[in-house]
Structures are given as structure tokens and as C-alpha cells.
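Written out below as C-alpha cells is the structure these notes cover.
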Amino acid sequence: MKSEPRFRFKVDEMVRIKSGPFQAFTGQVKEVDETTFTLRVVVSIFGRSQPIELGFLDVEKLIFREEE
């Protein structure tokens, strides 16, 4: 039985990849599949946009804070 994920991702949100061959890359979420807990994220590799599929646990949200 699959439990409800504690993570919520939205299309166009920026994320950082935490594991795998693209670790430390940042990308933009293009698709969210909550049934399989996967995301399609577009990253820039050598100046080209490349879509990759990642699990919810493989990424973390990037939070931008305004400077005071």
C-alpha cells in the first residue's frame, strides 16, 4: 500500500537534485506524477535543456528568500 507523499511539487517550481548522476544540478519541474511519485525535470547540460525523470526523494525544493 502506497502512503500519501509528504512532498508537494508544482509545475515550473525549481528543484535541486540530491542523488544520482545529476547530483547538485538544478532544474525546473515540467510534470508531476503523484501516482508514481515521479517528476519530469528539465536541466541544462552543456547548454542544452534535457528532461530527466526523478523520484520525489531524489530532489529538494529550492527556496529563494528576499534579501533585507
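When only C-alpha pairs under 8 Å and at least 6 residues apart count, what is the relative contact order of the chain, in percent?
Relative contact order, the chain: 28 percent.
Could you report the chain's accessible area per residue, 1.4 Å probe, as an integer in Å²?
Details: 5470 Å² over 68 residues.
Result: 80 Å² of accessible area for each residue.
Quick one: longest stretch of the chain between exposed loop trypsin sites (Lys or Arg not before Pro), exposed meaning at most 10 other C-beta atoms within 10 Å and loop per DSSP? Mind showing how you got there, number by number?
Working: sites that count: Lys2, Arg6, Arg8, Lys10, Arg65.
It runs 11-64.
The values are calculated or read from the model by the stated rules, or taken from the named source; none is laboratory data. For clarity, every value in this text was computed on a predicted model and none was experimentally measured. No Cβ is skipped: glycine too gets one built from the backbone with ideal geometry, and neighbour counts run over all protein chains shown. Note: areas computed on protein heavy atoms with side chains; ligands, DNA, RNA excluded. Shrake-Rupley method; radii C 1.70, N 1.55, O 1.52, S 1.80 Å.
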